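Before any comments, here is the structure.
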Amino acid sequence: MPDQDSTKEVKHQDFTKEVKHLTTKTFEAFTTGRLKDIASFTAKNFSFIDARGVRMSAASCRVALEQLVGDPDPNGDSLKINNFKTSHEDEQVFGNTVVQSLLYTDHVTFRSKQDTAQDSSRTFRVTNVWVNDAGKVHLVSMHITPVQI
């Protein structure tokens, strides 16, 4: 019979494995513009803090992403994420909560209202907070900070 500490370790490993899977799914949704794919695991009180330090609720974050990535207005700005990678991932488990830190780098094409396109690479330090609520994992908060490499 496994001892209590080894049982906790297995649960922690399963939790962090699920968090890593859902993190990849989140960034893939940003790339494809299929933001409804992440609605099932973002918490109702989800908050996003963008690179400017602006805090957004789940609803306002979804609207902003839809307008920019998902279904951009042909007369407005748009962003296409061509590819991305994550690195330097670290997950710390505290009871039913995981604090995740990682570097996210993408290559994007930004198209402005004036129809000019600009390609660039960006790197962000991402901090996510995930909660396991009765076996269902939810993304509660995401905070991104630009990194100069």
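Bear in mind that the values in this text are calculations on the coordinates, not laboratory data. Fair warning: this is a prediction, and the values are worked out from it, not measured in the lab. Every residue, glycine among them, receives a Cβ derived from its backbone with ideal geometry; neighbour counts consider all protein chains shown.
For the reader, a short list of remarks on this structure follows.
- Rounded to 10°, Cα long-axis angle of helix 4-32 versus longest principal axis of the chain: 10
- Under-5 Å amide H pairs with residue 47, H placed in peptide plane, nonlocal only: 141, 142
- Dipole axis of the chain (+1 Lys, Arg; -1 Asp, Glu on Cβ), positive-most option in 16, 148, 137: 148
- Shown is the FRET efficiency for residue 66 and residue 92, computed with R0 = 35 Å from the Cβ-Cβ distance and rounded to the nearest 0.05: 0.65.
- Estimated FRET transfer efficiency (residue 44, residue 118; beta-carbon r; R0 30 Å; 0.05): 0.25
- Taken along the Cα-to-beta-carbon direction at a fixed 7 Å, the label points for residue 21 and residue 59 span 3.2 nm.
- Judged by the gyration tensor of its Cα atoms, with axes a ≥ b ≥ c, region 4-146 is prolate; a/c meets the 1.5 cut and a/b is the larger of a/b and b/c.
- Theoretical gain in end-to-end length, residue 31 to residue 84 [0.36 nm per residue, Cα-Cα removed]: 18.3 nm
- Each of residue 99 and residue 125 was given a label point 7 Å from its Cα along the Cα-to-Cβ line. The distance between the two points is 1.3 nm.
- Mean residue ellipticity, 222 nm, helices only, the chain: the sum of -39500 (n - 2.57) across DSSP H runs of n ≥ 4, divided by residue count and rounded to 500, is -8500 deg cm²/dmol.
- Region 4-146 - percent relative contact order, Cα under 8 Å, separation 6 or more: 22
- Under a 5 Å amide H cut-off, with hydrogens placed 1.01 Å from N, residue 89 pairs with 103 among residues at least 5 apart or on other chains.
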